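In what follows, a structure is listed as structure tokens, so that the remarks can point back to it.
Quick note: the coordinates plus some simple rules give every number you see, no bench work behind them. All values reported here derive from a predicted model rather than from experimental measurement. Note that each Cβ is placed from the backbone with ideal geometry, even for glycine, and that neighbours are counted across all protein chains shown.
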Amino acid sequence: MSYGYYGKGWFVYLAELIRQDGSRVYKIGITNARDPMLRLTYQGADEPYPILKYFPEIHLLKHIWFPTESQAERAERFIMWKIKQLTNSPRFHNWREEDPISGITEMRIWDDKEVEICRGLLEECVTRYS
């Protein structure tokens, strides 16, 4: 990762990822990058399956900041748990992909209702885990 990549604290983010064919997924994630888009668009030599290779259009929909990794991890786990619970899914990730795309286990096929729920859960996490 290049100089200036890392910031202070951690972000939990919600992003929209769009393939060349227009199909979409959303991603919940955490990063200690100074800007979540740096994580989402990272294509370094240590990243054999970068998100941008599969989803050339990325939109950061919402992000929240925490001072510690532990707080961010708890928030991310809570959001994924709530979506699994609401959709009666055993896993957060809900489709098959040939390549192990970076961060794929935190991605789901786009669903307007789920994305709006995630926005609300991010807000809830600000008070729950701060």
Simple spin-label estimate for residue 73 and residue 8 in nanometres, 7 Å along Cα-Cβ:
2.3
Student exercise, the range 6-129 dipole from Lys, Arg, Asp, Glu Cβ charges, in Debye to nearest 20
320
Using a 10 angstrom cutoff on alpha carbons, build the Gaussian network for the chain and name the most mobile of 120, 29, 103.
120
With -39,500 (n - 2.57) per DSSP H segment of 4 or more residues and division by the full residue count of the chain, the 222 nm estimate, nearest 500 deg cm²/dmol, is -11000 deg cm²/dmol
If the elastic network links every pair of Cα atoms under 10 Å, which of 65, 95, 81 fluctuates the most in the Gaussian network model of the chain?
95
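What's the extension gain from residue 98 to residue 43 if we count 0.36 nm per residue and subtract their Cα-Cα distance?
Gain in length upon complete extension: 17.9 nm.
Out of every Cα-Cα pair in the chain, what percent are more than 17 Å apart?
On the way: 4750 of 8385 pairs.
So the pairs more than 17 Å apart make up 57 percent of the total in the chain.
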On a straight-distance basis, which lysines could pair with residue 53 in a cross-link, Cα separation under 23 angstrom, same-chain partners fewer than 8 positions away excluded?
27, 62
